[in-house]
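Enquirer: The structure follows.
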Amino acid sequence: MRAELERLVGADAVLPGDTVAYLEDATAPLGLRGHADAIVLPRTAEEVARVVAWCYERGIAIVPRGGGTGFAGGAVPFEGGVVIALERLARVRALDPLAWRAQVEAGVPTAQVRRLARESGLYFPPDPGAAEQSQIGGNVATNAGGPHAFKYGVTGRWVTGIEAVVAPGELVTVGGPIRKDQSGYDLRGLLVGSEGTLGIITAVWLRLVPAPEAAHPVVAFFDSTASGCEAIERVLGSGLVPAAVEYLDGATLAIAAPAFPGCVPRRAGFMLLTEADGTREEAARLRSDLAEVLGETALAVRAPESAAEIAELWRWREGIALAATAKHGGKLGEDIAVPVDRLADAIEGVLAIGGRLGLEALSFGHAGDGNLHANFLFDPGAAGTLERARAAAGEAAELGVSLGGSVSGEHGLGWLKRGQLARQWGPRALELHASVKQAFDPKGLFNPGKKS
Ligand SMILES: Cc1cc2nc3c(=O)[nH]c(=O)nc-3n(C[C@H](O)[C@H](O)[C@H](O)COP(=O)(O)OP(=O)(O)OC[C@H]3O[C@@H](n4cnc5c(N)ncnc54)[C@H](O)[C@@H]3O)c2cc1C
C-alpha cells in the first residue's frame with residue numbers, strides 16, 4: 001500500500017501507519033488511540049483527490065486530519081485505513097484586505113489566519129482555544145466556536161466558499177468569494193461541521209471584518225450560580241451586546257482562583273468574564289454599561305485596562321481546562337448547549353450528576369451561548385473511575401437534551417459521542433441525516449464510525 005501511495009504523492013509524503021502523532025487527538029488522555037495503514041501528507045488539493053480516488057476505488061477508509069486538537073476523537077483512525085493529514089496544504093491563496101476576504105488552504109493554523117487578518121487591520125473572529133495547533137480546515141469541519149462566537153457567530157458564519165475533495169475522488173467548489181449565494185441547496189453548509197465524514201476540505205474562502213479598535217474585559221463575581229445566570233439574562237435583556245460572555249461555576253473557580261490575575265472575593269461561587277469591543281468610544285461605553293448592569297448583584301466587578309493585564313486575564317481563561325485536568329489527572333467532558341435561560345439548571349444538573357456518581361464535577365464555558373463544558377474529574381489510576389465518568393457524561397448529554405438543548409454545542413460527535421444524536425433527533429430527522437451521508441459517501445469510507 002505504501003509503495004502505491006508513494007507513487008501518487010512522492011516518498012516523502014507517506015509515513016508508516018504506526019506514526020503515533022497521527023493516531024491520537026486531544027482525547028489521548030482518555031486512552032484513545034487508533035491504528036492506520038498509512039499516513040499521507042499531500043501538498044496540493046490535486047494530490048488529495050488522487051489519494052481519495054485511490055482509496056475509494058479499493059474500499060479503503062479515509063480519515064482527514066487537521067491539527068489533532070479535537071475533543072471528540074474525530075481525527076483518530078479507529079477503523080484503520082489512510083489518514084490524510086492536511087498540514088502541508090498551508091498556502092494563503094489570496095488576501096484581499098480592501099474587500100475584507102481571504103482564501104486559505106485547509107492546513108493553515110487558525111492563529112495564522114487571525115494574525116494575517118490583524119496585520120491588514122481586519123478581524124477573523126472565531127477563536128477556539130487551541131488556535132496555534134488547530135487548522136482552519138479542522139475548524140470548518142467542526143464548525144468551531146470559542147468565546148467570541150457570542151457576538152460574532154461560529155466558524156461557519158465566516159465561510160463563504162469551500163473547495164473539497166468528495167467521493168469518488170473529485171475536487172468540487174461550492175460558494176466562493178461571494179457574500180450571498182441562494183442558488184442550490186446549501187452544500188457549503190453541509191460540509192461545515194461535517195467532521196470529515198462527507199469529504200476533505202482543501203481550501204476555504206473566508207469573510208473578514210474591520211478589527212474592533214478596542215476590547216475591554218469586564219469580570220464579575222457572584223455568590224451563586226443563580227445570581228450569576230440571572231445577571232446574564234439582565235445583560236441580554238438590557239440590549240447590551242458583549243463580544244464574549246464566559247462563565248466559571250463555583251467548583252471551577254475554586255480550582256482556577258489561585259492563578260487568577262487579581263483578587264477573587266472570598267464568597268465567590270460563580271464568575272462571569274465579559275468583553276466590550278467596538279470603536280474606542282463604543283467599547284468604553286459598553287464597558288461601563290456592563291459594569292453597571294453586572295454590578296447590581298455582583299460581589300465585585302473588575303475591569304482591567306492595561307494590555308498586559310488583559311492578555312494575562314485571557315491567558316488564565318485559556319488555562320482553565322488544563323488546571324481542571326491537573327486536579328486528579330483526568331477529566332471527561334461534554335460540551336452540551338442549552339437555551340440560555342436554562343443555563344443555571346444545566347450547571348446545577350451537572351453538579352448533581354457528579355454527586356450521584358461520586359465524581360467531582362464542574363463546568364465552565366460560553367455562557368452567552370448557553371454552551372457548557374461539563375466535566376467530570378477522575379484519577380486515571382483508580383479502578384472504575386473512568387467508567388463512572390463515562391456514565392456521568394452520558395447523563396450530562398441526556399440533561400442537555402431534556403432542557404431543550406444539544407448533546408454538542410462545539411466539539412461535534414466525532415467517535416466519542418457516536419450514537420448520541422438519537423437522544424436529540426427523531427427517527428425521520430435521523431433518516432435524513434443518514435441519507436445525506438449516503439449521497440456524499442455511498443461506500444461509507446470517509447471517517448467511518450464518526451458523526452452518526
Ligand atoms: C485547549 C483546547 C481548547 C479548545 N477550545 C475550543 C473552543 O473554544 N471551541 C471549539 O469549538 N473547540 C475548541 N477546541 C476543540 C478543537 O480545537 C476544535 O474542534 C478544532 O476546530 C479542531 O481543529 P483541528 O484542526 O485540530 O481538527 P482535528 O482535531 O484534526 O479534526 C477534527 C475533526 O475535523 C475533521 N477534519 C480536520 N480537518 C479536516 C479537513 N481539512 N477536511 C475535512 N475534515 C477535517 C477530522 O476528521 C475530525 O473529525 C479546543 C481544543 C483544545 C485542545
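The values are calculated or read from the model by the stated rules, or taken from the named source; none is laboratory data. Just so we're clear, the structure is a prediction, and the values are computed from it rather than from any experiment. Note that we place each Cβ from the backbone using ideal geometry, even for glycine, and neighbour counts take in every protein chain shown. Calculation scope for accessible area: heavy atoms of the full protein, side chains included, ligands and nucleic acids excluded. Shrake-Rupley method; radii C 1.70, N 1.55, O 1.52, S 1.80 Å.
Enquirer: In the set Gly68, Gly74, Gly34, which member is more than 20 Å from Arg88 (Cα to Cα), within 16 Å of the ligand (Cβ to nearest atom), under 28 Å from the mean Cα position of the chain (by Cα) and of a type in the set (Gly, Ala, Ser)? Quick ask: steps written out before the conclusion?
Expert: Numbers: Gly68 fails: more than 20 Å from Arg88 (Cα to Cα); Gly74 fails: more than 20 Å from Arg88 (Cα to Cα).
Unique residue meeting the criteria: Gly34.
Enquirer: Something else now. Search region 83-102 for residues that are more than 19 Å from Ile178 (Cβ to Cβ) and open to solvent by 50 Å² or more (accessible area, probe 1.4 Å) and pair each with any residue that is part of a loop (DSSP other than H, G, I, E, B) and not charged (D, E, K, R) when their beta-carbon atoms are under 6 Å apart and the residues are at least 6 apart or on different chains.
Expert: That search, which allows pairs on different chains as well, returns Glu87/Gly107; Arg88/Leu41.
Enquirer: Note down all Cβ pairs under 9 Å where the first residue falls in region 205-225 and is over 11 Å from Leu122 (Cβ atoms) and among the basic types (Lys, Arg), the second is modelled with pLDDT of 95 or more and open to solvent by less than 10 Å² (accessible area, probe 1.4 Å), and they're at least six residues apart or on different chains.
Expert: Nothing qualifies.
Enquirer: Going by the conditions given, is Glu47 open to solvent by less than 30 Å² (accessible area, probe 1.4 Å), more than 13 Å from the ligand (Cβ to nearest atom) and in contact (Cβ under 8 Å) with a residue 24 or more places away in the chain? Let's see the steps before the verdict.
Expert: Numbers: open to solvent by less than 30 Å² (accessible area, probe 1.4 Å): yes; more than 13 Å from the ligand (Cβ to nearest atom): yes; in contact (Cβ under 8 Å) with a residue 24 or more places away in the chain: yes.
When the stated conditions are applied, Glu47 passes them.
Enquirer: Mind checking whether some residue in region 410-418 is assigned to a helix (DSSP H, G or I) and of a type in the set (Gly, Ala, Ser)? Before you say what the answer is, go through the steps one by one.
Expert: Of all residues in region 410-418, those assigned to a helix (DSSP H, G or I) come to none.
No, because not a single residue in region 410-418 is assigned to a helix (DSSP H, G or I) and of a type in the set (Gly, Ala, Ser).
Enquirer: Is region 124-146 home to any residue that is touching a residue at least 24 places away in the same chain (Cβ under 8 Å), away from the ligand (no atom under 14 Å from the Cβ) and more than 19 Å from Ser194 (Cα to Cα)?
Expert: Looking through region 124-146, none of the residues is touching a residue at least 24 places away in the same chain (Cβ under 8 Å), away from the ligand (no atom under 14 Å from the Cβ) and more than 19 Å from Ser194 (Cα to Cα).
Enquirer: Of the conditions (1) more than 16 Å from the ligand (Cβ to nearest atom); (2) assigned to a strand (DSSP E or B), Ser288 clears all except one; give me its number.
Expert: Only one criterion in (1) more than 16 Å from the ligand (Cβ to nearest atom); (2) assigned to a strand (DSSP E or B) is unmet by Ser288, namely (2).
Enquirer: Then there's this: Output the number of residues of region 2-35 satisfying the condition of being out of contact with any His (no Cβ under 8 Å at 6 or more places or on another chain), in a loop (DSSP other than H, G, I, E, B) and open to solvent by 20 Å² or more (accessible area, probe 1.4 Å).
Expert: 7
Enquirer: Restricting the search to region 64-82, which residues are open to solvent by less than 10 Å² (accessible area, probe 1.4 Å) and closer than 15 Å to Ala26 by Cα? Give the derivation first.
Expert: Step one: list which residues in region 64-82 are open to solvent by less than 10 Å² (accessible area, probe 1.4 Å), which gives 72-73, 76-77, 80-82.
Once the filter is applied, which keeps residues that are open to solvent by less than 10 Å² (accessible area, probe 1.4 Å) and closer than 15 Å to Ala26 by Cα, region 64-82 yields Ala72, Gly73, Val76, Pro77.
Enquirer: Just to check your reading of the model, which residue among Gly384, Gly426, Gly444, Gly355 is surrounded by fewer than 18 Cβ atoms within 10 Å (Cβ to Cβ), within 16 Å of the ligand (Cβ to nearest atom), free of Cβ contacts under 8 Å to residues at least 12 places away in the same chain and not aliphatic (A, V, I, L, M)?
Expert: Values: Gly384 fails: within 16 Å of the ligand (Cβ to nearest atom); Gly426 fails: within 16 Å of the ligand (Cβ to nearest atom); Gly355 fails: within 16 Å of the ligand (Cβ to nearest atom).
Exactly one residue qualifies, and that residue is Gly444.
Enquirer: Given the criterion in contact with a Lys or Arg (Cβ under 9 Å, 6 or more places away or on another chain), surrounded by fewer than 24 Cβ atoms within 10 Å (Cβ to Cβ) and closer than 25 Å to Gly319 by Cα, identify the matching residue among Leu413, Leu403.
Expert: Within the list Leu413, Leu403, the selection yields Leu413.
Enquirer: Residue check, Ala149 against (1) more than 12 Å from the ligand (Cβ to nearest atom); (2) under 30 Å from Glu233 (Cβ atoms), all met but one. Which one?
Expert: (1)
Enquirer: I would also like to ask the following. Among (1) in a helix (DSSP H, G or I); (2) open to solvent by less than 10 Å² (accessible area, probe 1.4 Å), there is one condition Glu431 misses while meeting the rest; what is its number?
Expert: (2)
Enquirer: Okay, moving on. Find the residue count for region 92-123, including only residues that are within 15 Å of the ligand (Cβ to nearest atom) and assigned to a helix (DSSP H, G or I).
Expert: Residues in region 92-123 being within 15 Å of the ligand (Cβ to nearest atom) and assigned to a helix (DSSP H, G or I): 5 in total.
Enquirer: Residues Ala346, Ala389: which one is outside any loop (DSSP other than H, G, I, E, B), touching a Lys or Arg at 6+ places or on another chain (Cβ under 9 Å) and open to solvent by less than 10 Å² (accessible area, probe 1.4 Å)?
Expert: Ala389
Enquirer: Sticking with this one: With respect to Glu170, determine if the residue is open to solvent by 30 Å² or more (accessible area, probe 1.4 Å) and at pLDDT 95 or above.
Expert: yes
Enquirer: Restricting the search to region 297-341, which residues are under 28 Å from Gly405 (Cα atoms), under 24 Å from the mean Cα position of the chain (by Cα) and away from the ligand (no atom under 16 Å from the Cβ)?
Expert: Listed by number, the residues that qualify are Val338, Pro339, Val340, Asp341.
Enquirer: Sort out which residues of region 152-169 are hydroxyl-bearing (Ser, Thr, Tyr), more than 12 Å from the ligand (Cβ to nearest atom) and not in a strand (DSSP E or B), and write them in order of number.
Expert: Once the filter is applied, which keeps residues that are hydroxyl-bearing (Ser, Thr, Tyr), more than 12 Å from the ligand (Cβ to nearest atom) and not in a strand (DSSP E or B), region 152-169 yields only Tyr152.
Enquirer: Only one residue in Ala203, Ala226 is open to solvent by 50 Å² or more (accessible area, probe 1.4 Å) and either part of a strand (DSSP E or B) or modelled with pLDDT of 95 or more (or both). Which one?
Expert: Within the list Ala203, Ala226, the selection yields Ala226.
Enquirer: Return a yes/no flag: does region 283-296 have any residue that is open to solvent by 60 Å² or more (accessible area, probe 1.4 Å), within 17 Å of Leu236 (Cβ to Cβ) and touching a residue at least 60 places away in the same chain (Cβ under 8 Å).
Expert: Yes: one or more hits.
Enquirer: For region 139-148, does any single residue satisfy the condition of being aliphatic (A, V, I, L, M) and open to solvent by 50 Å² or more (accessible area, probe 1.4 Å)?
Expert: In the first step, residues of region 139-148 are kept if they are aliphatic (A, V, I, L, M); the result is 140-141, 144.
Next, from what is left, pick out any that are open to solvent by 50 Å² or more (accessible area, probe 1.4 Å): none.
No.
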